[in-house]
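Data block below; observations after.
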Amino acid sequence: MHDIKAIRENPTDFDAALARRGDAPLSSELLSIDAARRAKIQAAEEAQAEQNKASKLVGAAKASGDEAEFERLRALVAEKKAAVAQLNEEAKAEDARLTDMLARVPNLPADDVPEGADEEDNVEVKLWGTPRSFNFTAKEHFELEGVVASMDFDTAAKISGARFVMLKGAVARIHRALAQFMIDTHVDQNELTEVNSPVLVRDEAMYGTDKLPKFGDDSYQTTNGWWLVPTSEVPLTYSVAGDILEQSALPIRMTAHTLCFRSEAGSAGRDTSGMLRQHQFEKVEMVSVTHPDESDSEQKRMLGCAEGLLEALEIPYRTVVLCTGDMGFGARRTFDIEAWLPGQNAYREISSVSTTGDFQARRMNARFKPEDGGKPQFVHTLNGSGLAVGRCLIAVLENGQQNNGSVSLPSVLAPYLGGKTTLTSAGVLA
């Protein structure tokens, strides 16, 4: 959510920042609504003052016996009272228009975000690891001999339809091991607080984390109004909604492993094979709530946490900073980490780490009290995947595949797999 006062003071800068995203200028329309709202408020205040003044004179006119003046003043009080009510309603309507419009305006990109139209203009900032050279044709995850029987799309489709999968046996255990490894690393090494959060949330939580009103079609809503979370960013971030935190409590760093649900609206025909793009998936999320002066360094810290997981799993990756035309609605700056998938001979996104500045905090009124005094200020919020569990499973399976149909598993998973380090071609752990 944007501060209308800041737009009022710098409309040209606001429109220029939107233009960097490829969006049309909006300051004129926003300020027109704002001016109408403020004019109604001022008119209501003037009418209220006139009502108060007339009310004080009514008694005096009655006491003096001036019946005509008494009736005139009484009628004036009633007239001004009705005008105040009408003007307040009109101001309220203009305020609702302004709030709704502001809620649909994307965040403004940070000054250092590269210009660009789409993912082709993203800028690589790091390359880690060397993709393996195979002496055979690398397969995609769902084609591997040891995986086929345990990654059941047909049964899932019978139960739920397209874009669902049922994992079984050793593959299900590897998937679970990955999530446990991620959470343990975040808690034991990265000093995040583990949270077991709800996956059903109210409208306010979706709105506060910029998923509503513009992106309701991307998520699922129950018949009684709850939303299934698209990611645990929603409950973790919204946990500080309405709070005035002590500055000493910052930063707040949280992580959660949850089911996530996305309708994948607009993705028809994309990644229909395998489990790369599903309606239901699992993700380990990282969320930080910080002092504004620390949010940029916190984003780098979170990025390092996510990259460290891939390095421990020995998965080659590259990190890119998204250009202005490819950033998400609420992001001020986003880094994507893309894991190497030999079966696709391509890097594919496995994590996004974004800072929203005070964009979400304004929507949910999350503030802190400065230690040196002064009025409460909005916190900054950040979120990042650490990591997408299903996509990480894909990367582990494809990068570890062997010519005999087995998969060599990362050694860091062995403690979670009873010491086993291989998925055999028969689909069992050894």
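Please determine whether any residue of segment 306-323 is closer than 25 Å to THR258 by Cβ and among the basic types (Lys, Arg). Checking segment 306-323: not a single residue is closer than 25 Å to THR258 by Cβ and among the basic types (Lys, Arg). Here is a list: GLU94, GLU120, GLU89, GLU71. Which entry is modelled with pLDDT of 95 or more, farther than 30 Å from MET364 by Cα, of a type outside the set (A, V, I, L, M) and assigned to a helix (DSSP H, G or I)? Every option except GLU120 fails the conditions.
Could you tell me whether ASN52 is in contact (Cβ under 8 Å) with a residue 12 or more places away in the chain and over 30 Å from VAL353 (Cα atoms)? Explain how you work it out, then say what you get.
Working: in contact (Cβ under 8 Å) with a residue 12 or more places away in the chain: no; over 30 Å from VAL353 (Cα atoms): yes.
Against the criterion (in contact (Cβ under 8 Å) with a residue 12 or more places away in the chain and over 30 Å from VAL353 (Cα atoms)), ASN52 does not qualify.
Take segment 147-203 and flag every residue that is under 22 Å from the mean Cα position of the chain (by Cα), surrounded by fewer than 14 Cβ atoms within 10 Å (Cβ to Cβ) and of a type in the set (S, T, N, Q). Of everything in segment 147-203, those that are under 22 Å from the mean Cα position of the chain (by Cα), surrounded by fewer than 14 Cβ atoms within 10 Å (Cβ to Cβ) and of a type in the set (S, T, N, Q) turn out to be THR193, ASN196.
Could you tell me how many of the residues in segment 245-274 are polar (S, T, N, Q), part of a loop (DSSP other than H, G, I, E, B) and touching a residue at least 12 places away in the same chain (Cβ under 8 Å)?
Within segment 245-274, residues that are polar (S, T, N, Q), part of a loop (DSSP other than H, G, I, E, B) and touching a residue at least 12 places away in the same chain (Cβ under 8 Å) number 3.
The set of residues from segment 204-244 being part of a loop (DSSP other than H, G, I, E, B) and open to solvent by 70 Å² or more (accessible area, probe 1.4 Å) comprises LYS214, THR223, ASN224, TRP226. Within segment 307-325, if we keep just the residues that are out of contact with any strand residue (DSSP E or B) (no Cβ under 8 Å at 6 or more places or on another chain) and in a loop (DSSP other than H, G, I, E, B), the residue that is surrounded by the fewest Cβ atoms within 10 Å (Cβ to Cβ) turns out to be GLU314. Is one or more of the residues making up segment 4-17 buried (at least 16 other Cβ atoms within 10 Å of the Cβ), out of contact with any helix residue (DSSP H, G or I) (no Cβ under 9 Å at 6 or more places or on another chain) and closer than 30 Å to ARG362 by Cα? Yes, some residue in segment 4-17 is buried (at least 16 other Cβ atoms within 10 Å of the Cβ), out of contact with any helix residue (DSSP H, G or I) (no Cβ under 9 Å at 6 or more places or on another chain) and closer than 30 Å to ARG362 by Cα. Pick from segment 123-154 the residues that are part of a loop (DSSP other than H, G, I, E, B) and without any contact (Cβ under 8 Å) to a residue 12 or more places away in the chain: which of them is nearest to GLY169 (Cα to Cα)? Residue satisfying both the conditions and the ranking: THR137.
Among strands (runs of 3 or more DSSP E) entirely within segment 328-430, having at least 2 residues that are crowded, with 24+ Cβ neighbours inside 10 Å singles out 333-341, 346-355, 380-388. Close Cβ contacts (under 7 Å, 6 or more residues apart or on different chains) running from residues in segment 155-184 that are more than 24 Å from GLY386 (Cβ to Cβ) to residues that are open to solvent by less than 40 Å² (accessible area, probe 1.4 Å) and among the charged types (D, E, K, R) comprise MET166/ASP152; LYS168/ASP152.
In segment 96-109, the count of residues that are open to solvent by 40 Å² or more (accessible area, probe 1.4 Å), within 30 Å of ASN52 (Cα to Cα) and either polar (S, T, N, Q) or without any contact (Cβ under 8 Å) to a residue 60 or more places away in the chain (or both) is one or more. Comparison of SER28, SER64 shows that the only residue that is touching a Pro at 6+ places or on another chain (Cβ under 8 Å) and either under 22 Å from ASP210 (Cα atoms) or not aromatic (Phe, Trp, Tyr) (or both) is SER28.
The values are calculated or read from the model by the stated rules, or taken from the named source; none is laboratory data. Quick caveat, the model's predicted, so the values are computed rather than measured. Every residue, glycine as well, gets a Cβ built from its backbone with ideal geometry; the counts of neighbours run over all protein chains shown. Heads up: the accessible areas ignore ligands, DNA and RNA and are worked out on the full protein's heavy atoms, side chains in. Shrake-Rupley method; radii C 1.70, N 1.55, O 1.52, S 1.80 Å.
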